[in-house]
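Q: Take this structure, written in structure tokens, and hold onto it; I'll ask about it next.
The values are calculated or read from the model by the stated rules, or taken from the named source; none is laboratory data. As the structure is a prediction and not an experimental result, all values here were calculated from the model. All Cβ positions, even for glycine, are placed from backbone atoms using ideal geometry, and neighbour counts span all protein chains on display.
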Amino acid sequence: MIYVKWTFWATFWILIAGFLHYTLPQTDIARITDTYEKRIDFAESSLFWASTGGGGTAQNTSRDVQFIQTKLTDGDPMVYRNEDTGWGWPPYFKFDTANLQANANDLRSTADDPNWVQVTHYGWRNEFFSIFPNAIGIRSVDGPDVRTIPWFNIVFLTLLAALFWAIRVRWIRFRERRIDPTLDDWSAD
């Protein structure tokens, strides 16, 4: 029975960590090589794309999505989608897709004359399922060796850990004061 308990808790915390890793903002230092727009037909990976945001009830099976192609500092390619999150999840309230695409177009560069940018995004890249991280911000940086500190993630994860700790402490106190004495009374009878 102990293996079931540990398997349950390990699975629970892995799912929480995966959810937070997907949802919290991340930054990459890259060089923008191109931007384009492409008609996407959604299939099994539709969970990883932004909702249509339209007021209608019909589900769209395809739509135009803007993309930003980059080369990371280690030379690997990375492609970001550029979609509004609107009022949906995750709550980035991104409504500036056109402006971000215009800025990305303006910041394009070549390998001979690189213009390094910091791309803030959420999500994962998976070639097999055609999943792309969603770019939520782009800004120029001094060079490829710029170090960024994820202050929002540090503060958020600290507050989340404090919340989990507070709930656990209160649960332990509640159990010691209410549940354990009641169980002791029952077992004494």
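Q: Could we say that residue 112 is buried (at least 17 other Cβ atoms within 10 Å of the Cβ) and in a loop (DSSP other than H, G, I, E, B) here?
A: In short, no.
Q: Yes or no: region 96-118 includes at least one residue that is farther than 16 Å from residue 35 by Cα and of a type in the set (Lys, Arg).
A: No: region 96-118 contains no residue that is farther than 16 Å from residue 35 by Cα and of a type in the set (Lys, Arg).
Q: When you check residue 16 against the structure, is it modelled with pLDDT of 65 or more, of a type in the set (A, V, I, L, M, F, W, C) and over 22 Å from residue 148 (Cα atoms), yes or no? Spell out how you get there, then give the answer.
A: On the way: modelled with pLDDT of 65 or more: yes; of a type in the set (A, V, I, L, M, F, W, C): yes; over 22 Å from residue 148 (Cα atoms): yes.
So residue 16 passes the test.
Q: So how many residues does region 19-66 have that are assigned to a loop (DSSP other than H, G, I, E, B), more than 17 Å from residue 89 (Cβ to Cβ) and at pLDDT 65 or above?
A: 1
Q: Something else now. What's the number of the condition residue 161 fails, among (1) touching a helix residue (DSSP H, G or I) at 6+ places or on another chain (Cβ under 8 Å); (2) among the small types (Gly, Ala, Ser); (3) in a helix (DSSP H, G or I)?
A: Checking residue 161 against (1) touching a helix residue (DSSP H, G or I) at 6+ places or on another chain (Cβ under 8 Å); (2) among the small types (Gly, Ala, Ser); (3) in a helix (DSSP H, G or I), the one that fails is (1).
Q: Kindly indicate which of 154, 138 is at pLDDT 90 or above and either in a strand (DSSP E or B) or touching a strand residue (DSSP E or B) at 6+ places or on another chain (Cβ under 8 Å) (or both).
A: Just one listed residue meets the conditions, 138.
Q: How many residues, within region 156-189, are among the aliphatic types (A, V, I, L, M), closer than 28 Å to residue 23 by Cα and more than 26 Å from the chain's Cα centre (by Cα)?
A: 1
Q: Then there is this: With the checklist (1) assigned to a loop (DSSP other than H, G, I, E, B); (2) surrounded by 13 or more Cβ atoms within 10 Å (Cβ to Cβ); (3) not hydroxyl-bearing (Ser, Thr, Tyr) in hand, flag the one item residue 149 doesn't pass.
A: Evaluating residue 149 over (1) assigned to a loop (DSSP other than H, G, I, E, B); (2) surrounded by 13 or more Cβ atoms within 10 Å (Cβ to Cβ); (3) not hydroxyl-bearing (Ser, Thr, Tyr) leaves (2) as the failure.
Q: Can you pull out every residue in region 67-91 that is in contact with a strand residue (DSSP E or B) (Cβ under 9 Å, 6 or more places away or on another chain), in a loop (DSSP other than H, G, I, E, B) and over 22 Å from residue 40 (Cα atoms)?
A: Listed by number, the list holds a single entry, 73.
Q: Here's another thing I want to ask about it. Could you list, in sequence order, all residues of region 140-150 that are under 20 Å from residue 124 (Cα atoms) and not hydroxyl-bearing (Ser, Thr, Tyr)?
A: If the condition is that a residue be under 20 Å from residue 124 (Cα atoms) and not hydroxyl-bearing (Ser, Thr, Tyr), then 149, 150 are the ones that fit.
Q: What do you reckon, is residue 166 buried (at least 17 other Cβ atoms within 10 Å of the Cβ) and not in a loop (DSSP other than H, G, I, E, B)?
A: no
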